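First up is the structure itself, then whatever we jot down about it.
Derivation of every value follows stated rules applied to the coordinates shown; laboratory data play no part. Bear in mind that the values here come from a model prediction, so they are computed numbers and not experimental data. Please note: Cβ atoms are built from the backbone with ideal geometry, for glycine as well, and neighbour counts cover all protein chains shown.
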2 protein chains.
Amino acid sequence: MSLILQNIAKHITLSPEEQRHFLSKTEVHHFKVKSILLHSGQICTHSYFVNSGTLRSFNINDNIVEHVLNFACEGYWIGDMYSLISQKPGNLFIEVLEDAEVVLLSKENQELLYTEIPKLERFFRILTENSLVANQERLMDNLSLSAEERFEKFCKKYPTLIQKVPQKQIASYIGVTPEFFSKMKSRLLRK
Amino acid sequence: MSLILQNIAKHITLSPEEQRHFLSKTEVHHFKVKSILLHSGQICTHSYFVNSGTLRSFNINDNIVEHVLNFACEGYWIGDMYSLISQKPGNLFIEVLEDAEVVLLSKENQELLYTEIPKLERFFRILTENSLVANQERLMDNLSLSAEERFEKFCKKYPTLIQKVPQKQIASYIGVTPEFFSKMKSRLLRK
DNA sequence: TATTTTTCTTAATCTAGGTTAAGTGCTAGC
DNA sequence: GCTAGCACTTAACCTAGATTAAGAAAAATA
């Protein structure tokens with residue numbers, strides 16, 4: 001069974017018929033490292049599910065500084081939720097960090113599926129709830145933990161990512177500069 | 001029409017029948033200032049909708065420092081999403097900041113309603129999506145804006161709250177100490 | 001009204017993390 | 001196999017915001 005159907009099966013049960021129908025509404029694409037799936041200022045038209053490889057979403061503020069919102073590796077969904085639901089231009093980029101196979105689900109098909117297979121509304125509700133919980137925890141961590149503690153949590157949560165993505169992007173995710181991250185890392189190693 | 005039905009009507013349409021049924025699954029309670037609706041360590045059993053008054057959710061870390069996750073005034077929902085969906089003990093408190101009339105919706109009734117009135121699944125999906133977007137923006141703001149800029153955004157987003165809640169709690173929400181907040185405020189006034 | 005508690009302010013001092021800058025080491029194209 | 005461009009490191013110096021402490025103002029309670 002495909003990864004995306006396994007992902008869905010964690011929360012709801014689809015009949016073989018429904019599974020086939022769901023897949024028929026998606027497209028699989030292959031992207032090379034450094035491909036940009038979504039540019040800041042564009043309207044986000046799809047949700048992305050990662051079959052293999054790694055993506056990230058990030059924004060760039062006035063000072064030309066990047067901030068990583070999310071990483072997505074195998075089995076994760078990614079997109080620009082703000083732009084996707086408002087259908088207004090967003091301020092996120094979505095970029096490929098490692099050659100990736102990605103399942104694309106367009107907003108129209110997603111909405112269509114909600115009415116054709118109402119259970120999918122439940123699935124995406126649960127998915128969104130889980131994202132919200134993760135986000136709230138990250139927000140509270142940013143308010144109350146030191147950079148070192150945030151890094152430790154990151155390592156536990158995404159052990160595989162550390163070898164895969166440039167460390168300056170991990171620095172950005174936990175909210176410090178690459179220079180400080182480097183200093184902190186060598187401090188930790190000396191222990 | 002009650003505030004909570006108006007809130008629902010922003011996203012889905014319920015028949016009078018369905019409206020009555022929905023309300024029959026909720027309870028209205030009145031709470032005095034300083035009441036605690038949920039303690040850290042408890043399992044969250046309800047979603048709360050504020051008819052009037054003001055609530056906040058916050059956690060307390062090891063150092064006995066409070067961090068405000070959310071404020072909820074008239075027309076807002078609040079709860080401990082982590083605890084509510086996992087049914088495990090959470091680490092949030094929910095406290096009344098101004099005498100409040102609150103609509104309580106138990107988790108069981110919420111799930112029941114999902115099956116009885118599937119449209120409600122859509123409603124709560126949309127609600128959660130909007131929370132997620134707001135949270136992501138706040139997270140990015142914390143990573144990229146100064147305390148002053150975060151305060152300005154807060155003032156625009158919650159203009160009524162500034163008079164209503166102690167300023168040390170606004171400080172906590174934007175992620176600074178009360179002392180620094182006070183300094184910053186007088187700096188802004190001098191301009 | 002007096003008293004207690006809480007919130008807010010101010011100021012001195014401190015520090016986690018930022019900035020700037022220079023140098024080292026990869027690795028991807030050519 | 002060279003070279004350009006990233007990614008990473010190190011170090012000196014800087015700053016936004018934290019900490020500590022003490023007092024003033026406001027609000028709750030008696």
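As a check on your grasp of the helix formula, calculate [θ] at 222 nm for chain B: sum -39500 (n - 2.57) over DSSP H runs of n ≥ 4, divide by the residue count, round to the nearest 500.
Numbers: 9 runs with 94 residues, N = 191.
Counting only the DSSP helices, I get -14500 deg cm²/dmol.
Computed from point charges on the beta carbon alone (+1 for Lys and Arg, -1 for Asp and Glu), the dipole magnitude for region B:152-191 about its Cα centre is near 180 Debye. Toward the positive end of the charge dipole of the protein assembly as shown, with +1 on the Cβ of Lys and Arg and -1 on the Cβ of Asp and Glu, the farthest Cα among B:Ala171, A:Tyr114, A:Phe93 is that of B:Ala171. Percent of C-alpha pairs per 5 Å bin in region B:3-117, short distances first: 2, 12, 21, 22, 20, 13, 7, 2, 1, 0, 0. Calculated FRET efficiency, B:Glu137 to A:Arg20, Cβ-Cβ distance, R0 = 45 Å: about 0.75 to the nearest 0.05. Counting beta carbons within 10 Å around each of A:Asp62, B:Asp99 and listing the fewest first gives the order A:Asp62, B:Asp99. In terms of other Cβ atoms within 10 Å, A:Phe180, A:Phe154 run from fewest to most in the order A:Phe180, A:Phe154.
Percent antiparallel among DSSP beta bridges with both residues in region A:40-191, to the nearest 5? Write down the numbers at each step before the final one.
Working: 20 of 20 bridges.
Looking only at bridges with both residues in region A:40-191, the antiparallel portion is about 100 percent.
Relative contact order of chain A, taken over Cα pairs closer than 8 Å and 6 or more residues apart, is 23 percent. One Cα centroid belongs to region A:121-191, the other to region B:91-135; the line between them spans 28 Å. About its Cα centre, the dipole of chain A is roughly 740 debye, where the only charges are +1 on Lys and Arg Cβ and -1 on Asp and Glu Cβ.
Multiplying the residue separation of B:Asp62 and B:Ser35 by 0.36 nm and subtracting their alpha-carbon distance yields 7.4 nm.
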